[in-house]
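Encoded as structure tokens, the structure appears first; notes follow it.
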Protein chains: 2
Amino acid sequence: METRGPWRRHHRQPLCTTARLVAYQDQVTQPDGRAGRYDWVRVPDQVRVAALVEGCLLIVEQHHYLTGTMWQLPGGDVDPKDGDSHAAARRELAEETGYRDGRWTPRGALHPLPGLTPARVHLWSADGLAPGEPAPEPGETDLAVRHVPLAEAVRAASDGRIGCASSAALVLAVATAHAG
Amino acid sequence: METRGPWRRHHRQPLCTTARLVAYQDQVTQPDGRAGRYDWVRVPDQVRVAALVEGCLLIVEQHHYLTGTMWQLPGGDVDPKDGDSHAAARRELAEETGYRDGRWTPRGALHPLPGLTPARVHLWSADGLAPGEPAPEPGETDLAVRHVPLAEAVRAASDGRIGCASSAALVLAVATAHAG
């Protein structure tokens with residue numbers, strides 16, 4: 001048995017396993033003392049990068065299989081070969097936009113769906129970057145990179161164009177830090 | 001076969017089904033023309049509420065089973081009985097904080113994990129609310145409600161105390177709109 005704050009876990013059963021995710025069902029005692037089940041999903045952590053190039057943020061426009069066309073900050077899964085989220089952030093930015101090198105600042109991490117998965121999205125900002133050739137993944141060949149002025153990106157984070165929660169949070173946090 | 005932008009879907013297989021989630025594997029043609037599989041999860045849409053009471057945002061502090069203790073805006077799943085996200089937002093705010101009635105403004109919707117699930121988090125703000133008795137759910141009996149000044153909530157959205165991505169995005173969007 002494992003205690004997690006006011007929760008207790010008695011048993012864990014994997015329900016299905018694929019290359020991308022594992023779904024589990026845990027037998028638990030809830031904070032109110034009653035027995036219950038907690039279904040959850042293990043997926044890799046992700047990274048998102050606020051990359052500033054001449055006063056603009058690099059924004060990726062792409063058709064997502066599940067959600068349609070959307071603006072998002074560059075990023076993706078932390079792969080086992082990356083080692084850490086900084087390496088993953090540098091790799092994803094270079095693959096999607098070509099930009100590399102530069103000065104990098106950690107901007108914390110957020111839980112995208114804390115009730116469903118313990119996965120986190122690690123946030124980074126970068127400037128002083130050098131341009132290069134992108135190398136998109138097979139699911140990303142329709143990807144387009146836009147240079148969006150910071151003030152316009154802030155509007156896009158509030159009006160739904162930036163449809164990704166972690167991207168919107170990072171754009172607004174970077175803009176708030178600039179304004180302060 | 002279904003076409004989704006540059007993707008094509010040929011077949012869909014449910015992998016596991018629980019009361020909270022369904023995991024699927026789709027057979028697809030990727031944007032680069034190659035055959036592939038796309039694993040994804042169906043979960044309910046959610047709501048988050050930025051509720052302003054005398055210059056403070058109502059922040060919920062709670063031990064989450066998967067992620068530990070965290071600050072979050074009030075909210076939760078959109079239930080079938082809610083009908084729409086506005087009804088869900090009003091129900092969740094009243095259950096978690098007791099506050100009800102007031103003036104409500106839609107603040108769009110964000111995808112928490114667009115690569116894993118098509119689920120959205122619908123965002124609302126509210127003010128002019130009337131206090132009342134909370135009615136927490138069985139997993140939420142350790143829930144505490146804090147009245148956090150807006151400027152402090154903005155810092156908490158950037159320094160990791162507000163660990164939920166949609167909550168952080170909504171706090172920063174509301175503060176940016178106030179400042180503008």
- Task: Can you work out which of the residues in the stretch B:127-151 that are outside any helix (DSSP H, G or I) and aliphatic (A, V, I, L, M) is nearest to B:LEU170 (Cα to Cα)?
- Result: B:VAL148
- Message: Quick check on A:GLU92: is it among the acidic types (Asp, Glu), in a helix (DSSP H, G or I) and under 13 Å from the mean Cα position of the chain (by Cα)?
- Response: yes
- Item | Filtered residue count, the stretch B:41-74, keeping only those that are under 30 Å from B:HIS11 (Cα atoms) and surrounded by fewer than 24 Cβ atoms within 10 Å (Cβ to Cβ) | 4
- Query: Is it the case that B:ASP159 is of a type in the set (D, E, K, R) and in contact (Cβ under 8 Å) with a residue 24 or more places away in the chain?
  - Reply: no
- Where a residue in the stretch B:73-102 is assigned by TED's automatic domain parsing to the domain that holds B:ALA130 and its partner, wherever it lies, is among the basic types (Lys, Arg), with Cβ under 6 Å and at least six apart: B:LEU73/B:ARG48; B:GLY75/B:ARG48; B:ALA94/B:ARG100
- Considering only residues of the stretch B:41-66 that are outside any strand (DSSP E or B) and more than 22 Å from B:PRO118 (Cα to Cα), which is farthest from the other protein chains (Cβ to nearest Cβ)? B:GLU54
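Which of the residues spanning the stretch B:103-126 are charged (D, E, K, R) and either assigned to a loop (DSSP other than H, G, I, E, B) or not assigned by TED's automatic domain parsing to the domain that holds B:GLY76 (or both)? Full working, then the answer.
Pass one, the stretch B:103-126, residues charged (D, E, K, R): B:103, B:107, B:120.
If the condition is that a residue be charged (D, E, K, R) and either assigned to a loop (DSSP other than H, G, I, E, B) or not assigned by TED's automatic domain parsing to the domain that holds B:GLY76 (or both), then B:ARG120 is the only one that fits.
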- Answer yes or no: is there a residue in the stretch A:70-82 that is in contact with a Lys or Arg (Cβ under 8 Å, 6 or more places away or on another chain), closer than 20 Å to A:ARG103 by Cα, away from chain B (no Cβ under 14 Å) and modelled with pLDDT of 95 or more. yes
- Select from the stretch B:1-40 the residues that are loosely packed, with under 14 Cβ neighbours inside 10 Å, over 27 Å from the mean Cα position of the chain (by Cα) and part of a loop (DSSP other than H, G, I, E, B) and write down the one among them that is modelled with the lowest pLDDT. B:MET1
- Are any of the residues in the stretch B:146-154 within 28 Å of A:ARG4 (Cβ to Cβ) and touching a helix residue (DSSP H, G or I) at 6+ places or on another chain (Cβ under 9 Å)? yes
- Task: Scan the stretch A:14-25 for residues that are more than 8 Å from every other protein chain (Cβ to nearest Cβ) and either over 14 Å from B:ASP39 (Cβ atoms) or touching a Phe, Trp or Tyr at 6+ places or on another chain (Cβ under 8 Å) (or both) and report the count.
- Result: 2
- Does the stretch B:64-80 contain any residue that is among the aromatic types (Phe, Trp, Tyr) and under 19 Å from B:HIS147 (Cβ atoms)? yes
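The values are calculated or read from the model by the stated rules, or taken from the named source; none is laboratory data. Predicted model, so just to flag it, every value in this text is computed and none were measured. Neighbour counts are summed over all protein chains in view; Cβ atoms, including those assigned to glycine, are modelled from backbone coordinates with ideal geometry.
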